[in-house]
1. For GLN824 and ILE14, compute 0.36 nm times the residue count separating them, minus their Cα-Cα distance, and round to one decimal in nm.
2. Just going by the charge dipole of the chain, with Lys and Arg at +1 and Asp and Glu at -1 on Cβ, which of PRO115, ALA134, PRO1092 is farthest out on the positive end?
3. Report the label-to-label distance for THR911 and GLU627 in nanometres (one decimal), using points 7 Å from each Cα along the Cα→Cβ vector.
4. Among the listed pairs LYS154/LYS263; LYS628/LYS1120; LYS157/LYS243; LYS243/LYS975, which have their C-alpha atoms separated by more than 27 angstrom in this model?
5. Just going by the charge dipole of the chain, with Lys and Arg at +1 and Asp and Glu at -1 on Cβ, which of PRO864, ALA309, GLN510 is farthest out on the positive end?
6. Suppose the chain between THR532 and ASP202 were pulled fully straight at 0.36 nm per residue; how much longer would it get relative to their current alpha carbon spacing?
7. Please state, as a whole number in µm²/s, the translational diffusion coefficient that the Stokes-Einstein equation yields for segment 772-917 at 10 °C and 1.306 mPa s, with Rh defined as the Kirkwood radius across alpha carbon pairs.
8. Excluding same-chain residues fewer than 8 positions from LYS8, which aspartates and glutamates have a Cα within less than 15 Å of its Cα?
Amino acid sequence: MKKTALLKSSIREIKQSPARFFSILGIIFLGVAFFVGIGATGPDMIQSADDYYKKQQLSDVAIYSSLGFSKEDQTYLENQKNLETIAPQYVTDIQLADKNEVVRFYSLTDTLNQPIVDSGKLPKNDEIVLDIRAKEHYKIGDIFKIQESDDSEKNLKKYEFKVVGFVTSPEFIDNAKRGNTNVGNGAIDYFALLPEAIFQMDAYARMLVSFKNVRSTTAYSETYEAQMDKNQDRLDQWLEPRKEARLSEIKETANRELAKNRKKIQEGEEQLAKAEKELKQAKEKLDQGQRELAVARQTYNDKIAAAKAEIQLREQQIAEGEREVATNERTLTDAQREVDRQAGSLDAYETQLSQLETQRQQLEATLYQLQTAQQTFREIETLTAQVNTVPEEELVQVLNDIKMNLQLLLTQLPAENDWKSTIQQILDELSPETLITLVQDIQGIGGMIDAQIATIEDNLAQMSTGMNDITQGQAQIQAGQRQLDDGKQQIEQAKQQLDEGKRQLAEGKQTLAIEEERGANQLQAAEKEWQTGKQQYEDGLAEFTKQKETELPKLREAIAKLAKEQKRIDELKPAAFTVVDRESNPGYAEYEQNANRISSIATVFPTIFFLIAALVSLTTMGRMIEEKRVEIGTLKALGYKNGEISQKFLLYSLSAGLLGSLLGLAVGFYLFPTIIISAYGQLYNIKEFVTPWYVGYSSIGIVVALVCTVGISLVALRVDLFSSPAALLRPKAPKAGKRILLEYFTPLWKRMSFIQKVTMRNLFRYKSRMFMTIFGIAGCTAMILTGFGLRDSISDVVPIQFSKIWHYQGIVSFKEQPTKAAYQTYLDELAKFDDYQTHLAIGSETFTTEQKGTASQDVTVYVPENVTELPDFVLFNDRQTKEVSYLTDEGAIINEKLAGLFHLSVGETLTLKNADNQTFDVKISAIVENYVGHFAYLTPQTFKKVFDKEPIYNTDLVVFKGDRTKAQEKQIAEKLMAQDEIINVSFLSDSSTALDETTGTLTIVVWVLIISAGLLAFIVLYNLNNINISERIRELSTIKVLGFYDKEVTMYIYRENIFLTFFGVLVGLAMGILLHSYVLQTVEMDMLMFSPTIHPVSYVYASCITIFFTLVVGIVMYLKLKKVDMIEALKSNE
């Protein structure tokens, strides 16, 4: 035989036993496909995301500034090394009141964060493109309108845009999230892109930055993360000088703007004051005109009334005058007759009066002389009175004076006076000696003079009286006549006056009528003019009031805003720069975590697949070699070397292993990543993905596959190749019979039927096949149970965490601990909601905890204001014992995952570290069930004792009755967010939905695992059953020849299979529990714990699937047994 015949024989062997060949190929194919497929899915997801980020030029970081960015900032950064691209961008969040939506508007950049146009085109001028999430509300060509009042900060120039397209952004790969904001209900509904020219903001909101040294580095890789840490450190150093510089720019610009605004406000105030002054003057003038008009009206009325009264009086006077004239005429006639009667006595009175007048004149002349003499005599009396007192030398002078006066007296006395002789005698006798004796005589003369004067005066008086009587009588008569004459004249004058009065009265009436009409017209004109002025004033006042009501609040608001702005500017601190990396982009970190979960699964299950593949290959190749013992012996007898003989089996196993590997690589690298990534496509907008072949996975898959086939073949050949040809040419001696273990249990063994005993002996006779079958079935069952267990663990997180553990539905976050008034306002607003039930104020603060060998973890410390109400909001129970714990001053309650990571137990101490690297030790009082995040609950007293400060209650947990729709939750959040103190309102339903979507996607991966494990179970069961039948074909033919029916022959085998399946399932369930626990530890993230509980129904599912494949294989084997040729089988050894 030529050596080429051996090659032909090897190929013929494949054709002669296709079931065996394809069973090996199938299990290798399945193992390699599962290994490379699941293993490559995580890297494929990462590579697809990295290609997407690079294609769309996703920025490495975004820099935010408390003072915004200017062109100077951009220029400064562009001059720094290692910065590849700097893209400033405007960003503003606006709540559309009419649609109750919060939209984030970005300015379109030419470089970084390039959007992908889903439909339409990018915007120009007055156009806009929207997030694809807005497709349900808009279509291309629609007008996107923004109420001007919605843009309270006036960041946009226009408010109507034409929708020209819908886009996705590399910044938002998560289809469900668009980030948070402090506008509206705190969550962004979708984003929009506008040309930069549409914005009118003072400064850019952020700077997008990409670095040169990570341009070719794969995102999510350790190299990228490490390099970015260094880049961010350098970026912080570069930004340090810009803090003060930016502050100076802001203050300088702001102060200039404030100065302009102050001037505008001042001008506005001056205009208002001027208008108010003009109105005041107009009012004063109007009031003055009203007063003057009233005075004029009163004056007019008074004048008219006076004139009418005067006319009436004149008419009365004229009538009275006429009556009086008539009376006077009658009286005058009577008086004239009396005057004529008295006129006869008037002549006698005149004669008598003439005589009396002569006498009076004489008496008056005499009286005058006597009075003159009396004055002279008074001088004499004065001189005589000095006689006794003057010295003698002066006596002569006195005497002479007396004489001279006496002489004068003689001349002054009337000529017919009898006293002159007496006076002469005294003159004659007068001497110094006789002076004293003559004094009395001299004084006597004075008395006579006085008596004479008195007599004359009496006569004159009597005469005057008589003359007066006469004169009066004359006067009366004359007066009476004159009066009569005057009366006549007056009567004539009165008649003339009455006539004149009548004429004047007629003229007065006419004049009055004219003046009355003229005055009324003037008053009416003045009234009209005043009314016109009043209307103008009222119009002006109304306009002023309207403007004042409009402008004054604006001015006041502007003044207040100006003062506030000035205060804000004065209180401005240097710019605080916040560098935000890609981890903050919605979905970025979660995408990596999902990829890592898939990679974690890939580290466990393919190993089990390959172990089972090795086991099946060992059994299969061992059976093949056993069947070819005679052929091997013949070839050795013919002189073939061991290497040449082994070529047939190595070629057989190599063909199955290599072909299965290549098919596994082809299918695995494409099918599994496609299914899984497509499932994740529901969560992310990364539509294009790559499925490259990885050399590492390919090499490992092929090597392991060849080890499981070629290596196992070498192991199986080693005995026969070193055996002699004679031994190989003889049939292998059957194993010596011996008692099995069950036979030692006599009571049990005796009660077993013959068929049962045969089944037991057959099972224990082929121990290797039994254990291989049991462990093959157990491995598949374990993987199926692990798949269902993972589904249970993942799906349990949402209901347990969000319904069982957390009883509240809403979380309200404040800027800081609110004032009593602000908190009361918040509670009042809460009370307005019909389904509101209760609330709990709670303080929250984030710390970190570290331990060598364990990654640093963030721990949120919660401090409830009212500890007794906490059980109504959070359930603290032990997951295993179900024992409920309560928060006390004895220590902190922490979550189970945190305790497991750091190997903590009750009574031990948890060390927390704050941002200032200060450490705090907290005693653990209880460890409770929790699945999301790490926490430590403390009482206010414990918090104060540990941290030496009072807790700040900056969070409120809210419980509502029943379920709420998304619209209701959005409405609640919007109303609460209207308060300045509140910065965010979130509902657990959002977190629950997001986590449910993530776990739902992971469930697809689990189903891929379950289906793969099921297929593996089918191949294993089919292969082992096929081998079992092949090994025992003579035995089965013998019992069939002895009269066993087909069903009995089938049950002969099936009893063994049922027994092996039963024990394989039991072992598989036990292995599944261990494997499930291991996989959970591998798949779980540090901040997330899956429920370790496998639902009872999952055990049923895993068992049923295994049993189902057992039944399917049994049916196939039954059909095969029916076709067995017993005669040929019994002659096979011949």
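Throughout, read-outs are computed from the coordinates displayed, never taken from laboratory work. No experiment lies behind these values; they were computed from the predicted model shown. All Cβ positions, glycine included, derive from the backbone under ideal geometry; neighbour counts span all protein chains shown.
1. Details: separation 810, 0.36 × 810 = 291.60 nm, distance 8.47 nm.
Contour length minus the Cα-Cα distance gives 283.1 nm.
2. PRO1092
3. Once both label points are built, they end up 6.6 nm from each other.
4. Beyond 27 Å: LYS157/LYS243; LYS243/LYS975.
5. PRO864
6. Value of the extension gain: 113.7 nm.
7. My calculation gives 83 µm²/s for D.
8. GLU631, GLU644
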